[in-house]
Amino acid sequence: MATERTLSIIKPDATKRNLTGKINAKFEDAGLRIVAQKRIHLTKAQAGKFYEVHASRPFYDELCEFMASGPVVVQVLEGEGAIAKNREVMGATNPKDSAAGTIRAEFAESVGENSVHGSDAPETAKDEISYFFAGMELVG
Ligand code: CDP
Ligand code: MG
């Protein structure tokens, strides 16, 4: 399998509870390398653009409010099959369905406030990484 890069976000519910280190340990233990990382506070409009694909969903407004409610840590994870591997480490969207040991099983508070975002495919990973990072910020 090829080396890939994927966009990860540690969401406001997790930064608020000081979980950045514990979540990063899950990534590193799974063999994912954090090759770029920064802590930022999104505006609702910036969150809205990022989650534009969900604009027609009933949870969209609440999701954008939540993503702008506190700081997030945006990061690029790299590794063999990183996109799928990260989704595995994250666990299912709804923590009630997340496998034991996953980030969402351990830390998520609800289906909305579920601690992490991860890209779902190579195309979205590329677009999402470039939404937050310039090429020269990815140091390998
Ligand atoms: O994040 P993931 O790719 O697992 O799920 P998604 O279906 O792409 O949804 C994006 C985000 O919207 C989720 O991570 C939740 O924060 C939120 N969401 C929600 O609030 N209520 C739902 N029923 C589904 C998703
Ligand atoms: Mg998604």
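The values are calculated or read from the model by the stated rules, or taken from the named source; none is laboratory data. The structure presented is a predicted model; accordingly, all values stated were derived computationally and were not measured. Counting neighbours? That spans all protein chains shown, and the Cβs are built from the backbone with ideal geometry, glycine included. With ligands, DNA and RNA removed, areas are computed over all heavy atoms of the protein, side chains included. Shrake-Rupley method; radii C 1.70, N 1.55, O 1.52, S 1.80 Å.
Residues in segment 1-57 that are away from ligand 1 (no atom under 15 Å from the Cβ), farther than 16 Å from G140 by Cβ and among the hydroxyl-bearing types (S, T, Y): T20, T43.
Looking only at segment 112-133, which residues are open to solvent by less than 80 Å² (accessible area, probe 1.4 Å), under 17 Å from K11 (Cβ atoms) and assigned to a loop (DSSP other than H, G, I, E, B)? Matches in segment 112-133: G112, E113, N114, S115, S119. What about V111, is it touching a residue at least 60 places away in the same chain (Cβ under 8 Å), β-branched (V, I, T) and within 13 Å of ligand 2 (Cβ to nearest atom)? When the stated conditions are applied, V111 does not pass them.
Could you tell me how many of the residues in segment 66-86 are more than 11 Å from ligand 1 (Cβ to nearest atom) and open to solvent by less than 20 Å² (accessible area, probe 1.4 Å)? Don't jump to the end; show me each part of the working.
Initial filter on segment 66-86 (more than 11 Å from ligand 1 (Cβ to nearest atom)): 68-85.
If we keep only those that are open to solvent by less than 20 Å² (accessible area, probe 1.4 Å) too, we end up with 70, 72-77, 79, 81-83.
The total comes to 11.
Determine whether D29 is surrounded by fewer than 14 Cβ atoms within 10 Å (Cβ to Cβ), away from ligand 2 (no atom under 16 Å from the Cβ) and within 15 Å of V89 (Cβ to Cβ). In short, yes. Can you pull out the residues in segment 88-111 that are of a type outside the set (G, A, S), surrounded by fewer than 15 Cβ atoms within 10 Å (Cβ to Cβ) and away from ligand 1 (no atom under 11 Å from the Cβ)? Within segment 88-111, E88, K96 meet the criteria.
Of the helices (runs of 4 or more DSSP H) that lie entirely inside segment 6-76, those containing 1 or more residues that are of a type in the set (K, R) span 12-16, 20-29, 44-50. Considered as a group, the residues in segment 41-51 that are surrounded by 11 or more Cβ atoms within 10 Å (Cβ to Cβ) and without any contact (Cβ under 8 Å) to a residue 60 or more places away in the chain include one that is nearest to V73 (Cα to Cα), and that residue is H41. Among the conditions (1) over 21 Å from M1 (Cβ atoms); (2) within 15 Å of ligand 2 (Cβ to nearest atom), the only one that A36 does not satisfy is (2). Taking segment 114-140 as the range and being within 12 Å of ligand 2 (Cβ to nearest atom) and either under 24 Å from N18 (Cβ atoms) or over 14 Å from the mean Cα position of the chain (by Cα) (or both) as the test, the residues that pass are N114, V116, H117, G118.
Restricting attention to segment 52-65, the residues being open to solvent by less than 90 Å² (accessible area, probe 1.4 Å) and within 13 Å of ligand 2 (Cβ to nearest atom) number 4. Evaluate segment 84-102: report whether one residue or more is away from ligand 2 (no atom under 14 Å from the Cβ), in contact with a Lys or Arg (Cβ under 6 Å, 6 or more places away or on another chain) and in contact (Cβ under 8 Å) with a residue 24 or more places away in the chain. Scanning segment 84-102, I find at least one residue that is away from ligand 2 (no atom under 14 Å from the Cβ), in contact with a Lys or Arg (Cβ under 6 Å, 6 or more places away or on another chain) and in contact (Cβ under 8 Å) with a residue 24 or more places away in the chain, so the answer is yes.
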